[in-house]
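See below for the structure under consideration.
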Amino acid sequence: MTTEKSFPYTCELDVTFPTKESAKRTTDVMCVDEEVGNRVVKTLEILPSSASTDEQGASNMIIMRVSFKATEAKMLRVAVSGFCDYLNVALKCQQEFDQIQSE
């Protein structure tokens with residue numbers, strides 16, 4: 001059983017996407033790899049953005065929220081850094097494939 005005390009270090013990242021499809025695609029890619037060991041827990045979820053709305057007042061941006069909990073500050077830093085590197089590669093790939101499809 002894990003408690004909040006066993007994971008005192010936390011970080012939450014919000015990544016904004018223009019469409020739900022691109023957010024879902026990225027989330028699917030990013031959730032494949034579990035964190036190594038039991039010292040870090042990562043969760044991903046897709047949420048509508050409250051920051052951007054269209055003319056009718058509906059949200060037109062999507063957020064991928066990534067939450068990390070860790071037993072040590074160093075493990076949190078390593079997990080977040082690795083995730084950001086992986087996210088960068090995933091987004092660049094999507095951008096390249098989207099350009100190819102639009103040609």
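The values are calculated or read from the model by the stated rules, or taken from the named source; none is laboratory data. Since we're looking at a predicted model, the values are computed, not measured. Cβ placement follows ideal geometry from the backbone for every residue including glycine, while neighbour counts extend to all protein chains displayed. To get the accessible areas, we keep the full protein, side chains included, count just its heavy atoms, and leave off ligands, DNA and RNA. Shrake-Rupley method; radii C 1.70, N 1.55, O 1.52, S 1.80 Å.
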Report the local net charge at L91: Lys and Arg +1, Asp and Glu -1, summed over other residues whose C-beta lies under 13 Å from its C-beta. -1
Report Rg (one decimal) and Dmax (nearest whole number) for the stretch 6-45, counting Cα atoms only, units Å. 12.3, 36
Under the 0.36 nm per residue contour assumption, what length would be gained going from the current alpha-carbon distance of Q95 and S22 to full extension? 25.3 nm
Using the basic label-point model (7 angstrom from Cα toward the beta carbon), what is the E12 to I46 distance in nanometres? 2.0 nm
³J(HN,Hα), Karplus 6.51/-1.76/1.60, whole Hz, each residue of the stretch 22-29, x for Gly, Pro: 5, 5, 5, 4, 5, 4, 4, 5
Suppose accessible area is computed on protein heavy atoms with a 1.4 Å probe; arrange S50, S6, S22 from highest to lowest. S50, S6, S22
Once you list every other residue whose beta carbon is under 13 Å from the beta carbon of E12, what net charge do they have if Lys and Arg are +1 and Asp and Glu are -1? +1
Length gained when the stretch N60-R77 is fully extended (0.36 nm per residue, less Cα-Cα span): 3.0 nm
Heavy-atom accessible area order for K5, K92, K42, largest first, 1.4 Å probe: K5, K92, K42
Exposure ranking of L87, L44 by accessible area [1.4 Å probe, largest first]: L44, L87
Sequence-distant lysines (8 or more away, or on other chains) whose Cα lies within less than 25 Å of K20: K42, K92
